[in-house]
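Report on the following structure.
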Amino acid sequence: MAQILNVEALNISLKSDPTRFLVRDVSLQLSAGKTTCIVGESGSGKSLTALTIMGLLSEQLISTGKVAFNGVNLTELNNQEMQAVRGAEIGMIFQEPMTSLNPVLTIGYQVGEALTAHLGLKGMALKHRVESLLASVGIPAGRANSYPDELSGGQRQRVMVAMSIACEPSLLIADEPTTALDVTVQAQILALLRALKDEMQMAMLFITHDFGVVTDIADDVIVMFRGEVVEAGPKKQVLEKPQHPYTKALLACVPDAAGKKTLKPIDYAWLEQGEVA
Amino acid sequence: MQDNRQDASIILEARNLVKEYTQRSGSFGFGQSKVKALDGVSVSLKKGSTLAVVGESGSGKSTLARCLLQLQAFESGEVLFNGQSLSTLDSKQLRQMRKNLQMVFQDPFASLNPRMRVGEIVGEGLLVHGLGNQQARQEKVQQMLERVGLQAGDVKKYPHQFSGGQRQRIGIARALVLEPEVVVCDEPVSALDVSVQAQILLLLKELQQEMQLSYLFITHDLRVVRHIADDIVVMNKGQVVERGTVDAVYQSPQEAYTQALLKAIPGQG
């Protein structure tokens, strides 16, 4: 299977103190048509890893290591070159559909922006492409002239999905795209992402802290803890036969709808005594 | 409707609550239309138990919490605490009653005053209700902080010096320091990491046993419900669509809406 992304030995540290690592020695590979979930708690470095791949890391941070995307090392590109990749070959979806859309522009305009910028589409060709994109995410073509505040949270996230796939990227990075949504809407968006990924054979990097979502969408799982990858492998292996003590502890915290298991909070002191930190 | 006034096991009850909001509508918003946030909602909370109120955004579950605590006026219906209607109380009696009805909020970042020290935040209720002298209050606050897993020395710190989970512990200490009978928890673990969520859920369960608390637990997370609640009320568009014990509702949901909610829980393969 075609490898789309290969991250090797990624380190992220503070510019002011390069010895303080926020992310250390992260490696991951993504193939076409496959979804990898990065799971971890707040501060585990999962979002920083995604931001680095997109070239959106804050200027106060520095990264080292290799980010090879379709054979090109993204860390060697300048801003202009990176901009040509971002939004065209790499699509992005963020958590908050309320704040990631511009409230004074119609959703049709916002979906079309990337098409004009990257593919030079204009006029009727642009209009038709925008309408077909909106239709593919389940929004009627007539809503193209609506403003974000006229849509529900789920519809806004659908618009975000339409924007992210507008240029048919080979990699889609989704950072907690369903965390802010109701559970029924979440199920719809997850199903939509799965269908689009299969249809377009995209590689998807999906960041979440919800193991239920992981079960529904992942092929492979990467578990991060305090900036490091502690476990990685196929979903079934990581969820059903976790090897690392942190993965086991994290899974023991997850409430289940069957209510059969006893919740057990993570004993960080115990983890630190082991060979974790 | 069945009259529960004699039923001593019901500590908090809402009867036929109706709450309407006025919404601008029509051309240029000159018209007005009414939206019913609560459309005849009745719930009852059994003493020492946990009642989960679940529903999606806009279902009216948070409005119900605010009406129950008399933090928001409602059009009709009544709220009974220990069989007594709260609408018959004057403001002084209501203030005394509030000691027994406390709340834990969702966002531990927004619900703690950033300019107050933790000791002041947790102790404010004791001060307002004039309970104990200064030394007794201080001791009580320190005990409570230690009980929720913080340190007595934390009284001098400010909220920003704590993590999200620790702030939620402060919020719980603030609610429980008054030794209330009922605690309304509005999405208390939704903003927390799953590991912290498990800690807080277990803490709430322990405290419930120790202090014989009754919880009204508002959440959209049906996985959490299964771990904390005895009974459940499912709300949709301002109405209760299904109610029962958690086990019964999860095993055989009767309403299509409840079935859809349960089916949408992620991770069921």
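The values are calculated or read from the model by the stated rules, or taken from the named source; none is laboratory data. Remember, it's a predicted structure, so these values are computed and weren't measured experimentally. Note that we place each Cβ from the backbone using ideal geometry, even for glycine, and neighbour counts take in every protein chain shown. Protein only, heavy atoms only, side chains kept; ligands, DNA and RNA dropped before computing areas. Shrake-Rupley method; radii C 1.70, N 1.55, O 1.52, S 1.80 Å.
Of all residues in the range B:182-219 being among the charged types (D, E, K, R) and surrounded by fewer than 19 Cβ atoms within 10 Å (Cβ to Cβ), which is farthest from A:ALA252 (Cα to Cα)? Once the filter is applied, the top-ranked residue is B:GLU210. Restricted to the range A:12-22, and to residues there that are more than 18 Å from A:PHE69 (Cβ to Cβ) and assigned to a strand (DSSP E or B), the residue that is most open to solvent (accessible area, probe 1.4 Å) is A:PHE21. In this structure, A:ALA195 does not satisfy being more than 21 Å from A:VAL67 (Cα to Cα), more than 14 Å from chain B (Cβ to nearest Cβ), modelled with pLDDT of 90 or more and open to solvent by less than 40 Å² (accessible area, probe 1.4 Å). Being more than 9 Å from chain A (Cβ to nearest Cβ), open to solvent by 10 Å² or more (accessible area, probe 1.4 Å) and assigned to a helix (DSSP H, G or I): is that true of B:GLU179 here? Judged against the criteria, B:GLU179 is not a match.
On the stretch given as the range A:157-188, residues that are within 14 Å of chain B (Cβ to nearest Cβ) and surrounded by fewer than 23 Cβ atoms within 10 Å (Cβ to Cβ) total 9.
Restricted to the range A:70-108, and to residues there that are of a type in the set (Val, Ile, Thr) and within 17 Å of the chain's Cα centre (by Cα), the residue that is surrounded by the fewest Cβ atoms within 10 Å (Cβ to Cβ) is A:THR99. Of all residues in the range A:30-50 being open to solvent by 10 Å² or more (accessible area, probe 1.4 Å) and touching a Ser or Thr at 6+ places or on another chain (Cβ under 8 Å), which is nearest to B:LEU192 (Cα to Cα)? Only one residue tops the list, namely A:GLU41. Among the numbered conditions (1) of a type outside the set (Val, Ile, Thr); (2) in the same structural domain as A:ILE189 (by TED's automatic domain parsing); (3) open to solvent by 40 Å² or more (accessible area, probe 1.4 Å), the only one that A:GLU131 does not meet is (2). Take B:ALA136 and decide whether it is out of contact with any helix residue (DSSP H, G or I) (no Cβ under 6 Å at 6 or more places or on another chain) and open to solvent by 70 Å² or more (accessible area, probe 1.4 Å). So B:ALA136 fails the test. Residues in the range A:114-140 that are part of a helix (DSSP H, G or I), touching a residue at least 40 places away in the same chain (Cβ under 8 Å) and under 22 Å from the mean Cα position of the chain (by Cα): A:ALA114, A:LEU115, A:HIS118, A:SER136. When you go through B:GLY153, B:GLY164 one by one, which is the residue that is open to solvent by 20 Å² or more (accessible area, probe 1.4 Å) and at pLDDT below 90? Of B:GLY153, B:GLY164, the one residue that is open to solvent by 20 Å² or more (accessible area, probe 1.4 Å) and at pLDDT below 90 is B:GLY153.
The residue that is farthest from the other protein chains (Cβ to nearest Cβ), counting only those in the range B:242-269 that are of a type in the set (A, V, I, L, M) and under 21 Å from B:CYS185 (Cβ atoms), is B:VAL249.
Every test in (1) more than 30 Å from A:SER152 (Cα to Cα); (2) touching a residue at least 40 places away in the same chain (Cβ under 8 Å); (3) surrounded by fewer than 18 Cβ atoms within 10 Å (Cβ to Cβ) is passed by A:GLU228 save one, and that test is (3).
What residue, among those in the range B:220-241 that are open to solvent by less than 20 Å² (accessible area, probe 1.4 Å) and away from every other protein chain (no Cβ under 14 Å), is farthest from B:ALA175 (Cα to Cα)? Among residues in the range B:220-241 that are open to solvent by less than 20 Å² (accessible area, probe 1.4 Å) and away from every other protein chain (no Cβ under 14 Å), the one farthest from B:ALA175 (Cα to Cα) is B:GLY238. Report whether or not B:GLN96 is closer than 30 Å to B:TYR158 by Cα and in contact with a strand residue (DSSP E or B) (Cβ under 8 Å, 6 or more places away or on another chain). No; evaluated as a whole, the condition is false for this residue. Among the residues making up the range B:141-173, a single one is more than 13 Å from B:ILE121 (Cα to Cα) and of a type in the set (Ser, Thr, Tyr): B:SER163.
The residues listed here are A:THR247, A:THR262; of these, the one that is of a type in the set (Ser, Thr, Tyr) and surrounded by 18 or more Cβ atoms within 10 Å (Cβ to Cβ) is A:THR247.
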